[in-house]
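Following: one structure in structure tokens, then a few remarks.
The values are calculated or read from the model by the stated rules, or taken from the named source; none is laboratory data. All values reported here derive from a predicted model rather than from experimental measurement. Cβ: placed from backbone, ideal geometry, glycine included. Neighbour counts: every protein chain shown. Just so you know, the surface numbers come from the protein's heavy atoms only, side chains and all, with ligands and any DNA or RNA stripped out. Shrake-Rupley method; radii C 1.70, N 1.55, O 1.52, S 1.80 Å.
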Amino acid sequence: MFGRMIRGTLFRQWKKMLMIAFTIALGASLASAMLSVMLDVGDKVNQELKTYGANITVVPKDASVLNDLYEVEGGSSGIYLREDELGKIKTIFWAFNIVDYAPFINVDAQLDDGSDVTVVGSWFNHHMDLPTGESLDAGVASMRSWWELEEGSWLDEQASGDSAMEAMVGTALAQKEGLKVGSTLNLKGSSADLSLKVKGIYDAGGEEDSQIYVPLNTAQSLADLDGKIDSIEVSALTTPDNELARKADKEGTSSLSVAQFETWYCTAYASSICYQIQEVITDSVASPVRQVANSEGEILNKTQLLMILITILSLIGAALGICNLVTASVMERSQEIGLMKAIGANNSAISLLVLTEIFITAIIGGFAGFFAGFGFAQIIGRSVFGSAITMRPMVIPIVAVLVVIVTLIGCIPAIRMMLRLRPTEVLHGK
């Protein structure tokens, strides 16, 4: 009998039930889409922000002390890091969070006219085989993606030809010296003289526009600094700082308990990644670029907050829609409900009947809404981040719970009205 009554209501009021299912599907689709994006947006936002430069710098420990005391840069103090340890950065606990990195060395040189110029040696698209058996292509070509090439192209260390005898020149220096792509650039260093061919002219919008960028070994040969580097810039995917990270940063790791240290070490905070880099690079100090790290955290938090607000508002809208539709359904069936009460049905049985009908509809709507929402999430991922959104299993139970809660909230006014119905008044048309 109970099943027949439910089936009869679903077929008799199929239009209203379809509208209820559609309302729930709409709320579930928005919730599942926003939750899927929110749970995956951290890596996507970090990947996008990594195109705007490094968020960790590594310098020699003694040079860092001199810089703090006298504002002397590491290269000018004669203190260097070891080039042969660069591969160790990809062996730390958070190795997979290291997106890109590049070494730098600054040397002084003279041009033909006797003017001084800073020559920066680095990787461009350097290929290296790591101690883990993996390989990596890293360098400034990806870390300086916002630079505009006015002429020519990036140096290509992997192309056939002698890229060691090529250079990239900033726009300010090129304009001053009348250099173009293909021009010969004569450099006189403290240990060697080199003639380089201009491969590209870039506009960085800063002091780099007055500098010359060359492969790392080329700059080292100018000053007889083989195997030495001034600094390393690292782009890493990081987790926004919380109280634990701020405590470790402000008071030091010695202030953390064993459990706190393990939690901090095994979380991708910028400070914990810096700590691990210092463990593998001899006599180094790694520090986050605070403006970049803080901006990443703020952008990520605001993005996730926006997703949560959209989810809440969509669920409120769904609850209001369910409330109106269920209330209208109960009003249409007031005589039927009054008759059931008159022949002995109690409020619990009638409430169970109505709720069962609504929840059957909610299951259908929620099921359809979940898959529609996952499709919306893919559209968002492709259009905004250029990549697919990963399906997180935890979204399924969260959406299911939200659908149940929203459905119950939407049914409360209708159930209260139904409980107040008096059979004598309803059956007499009052």
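Rounded to the nearest 0.05, what FRET efficiency do residue 331 and residue 242 have when you use their Cβ-Cβ distance and R0 = 30 Å? With a Förster radius of 30 Å, E is 0.05.
Compared with the direct C-alpha span, the chain from residue 382 to residue 401 gains 4.1 nm at full extension, assuming 0.36 nm per residue. Normalised per residue, the accessible area of the range 73-214 is 47 Å², obtained with a 1.4 Å probe and no contribution from ligands, DNA or RNA. Positive-end ranking of 307, 234, 222 along the dipole of the range 215-326, with charges on Cβ about the Cα centre, is headed by 307. Given their separation in residues at 0.36 nm each and the Cα-Cα distance between them, residue 309 and residue 172 gain 44.6 nm when the chain is fully extended.
The modelled label-to-label distance for the pair residue 363/residue 96, using points 7 Å beyond Cα in the direction of Cβ, is 3.7 nm.
Using modelled amide H (1.01 Å from N, peptide plane; none on Pro or chain starts), what sits under 5 Å from the amide H of residue 183, excluding residues fewer than 5 places away? Long-range HN contacts for residue 183: 198. Which whole-number percent is the relative contact order of the range 145-236 (Cα, under 8 Å, 6+ apart)? Relative contact order here is 34 percent.
Ranked by solvent-accessible area (1.4 Å probe, protein heavy atoms only, all chains present), the residues 348, 210 order from largest to smallest as 348, 210. Here the accessible area of the range 73-122 is 45 percent carbon and sulfur, with a 1.4 angstrom probe and all protein chains present. Stretching the chain fully between residue 348 and residue 390 yields a gain of 10.8 nm (0.36 nm per residue, less the alpha carbon separation). Computed 3J(HN,Hα) for the range 194-208, one whole-Hz value per residue from the Karplus formula 6.51 cos²θ - 1.76 cosθ + 1.60 where θ = phi - 60°, is 10, 10, 10, 9, 6, 8, x, 10, 10, 10, 9, x, x, 5, 4, glycine and proline marked x. Counting only protein heavy atoms and a 1.4 Å probe, tell me what percentage of the range 152-272's accessible area is made up of carbon and sulfur. Summing carbon and sulfur atoms, their accessible area is 45 percent of the total for the range 152-272. If you plug the beta carbon distance of residue 409 and residue 250 into 1/(1 + (r/R0)^6) with R0 = 51 Å, you get a FRET efficiency near 0.70. Less than 5 angstrom separates the built amide H of residue 151 from those of 201, all sequence-distant by 5 or more or on a different chain. When the surface is traced with a 1.4 Å probe over the full set of protein chains, residue 234 keeps roughly 0 Å² accessible. Spin-label model, residue 165/residue 419: points 7 Å from Cα along the beta carbon direction are separated by 9.1 nm.
As a calculated quantity, the FRET efficiency between residue 279 and residue 191 at R0 = 41 Å, using C-beta atoms, amounts to about 0.80. Taking amide H atoms as placed 1.01 Å from N in the peptide plane, the amide H of residue 55 lies under 5 Å from those of 234, 235, 236, each 5 or more residues away in sequence or on another chain.
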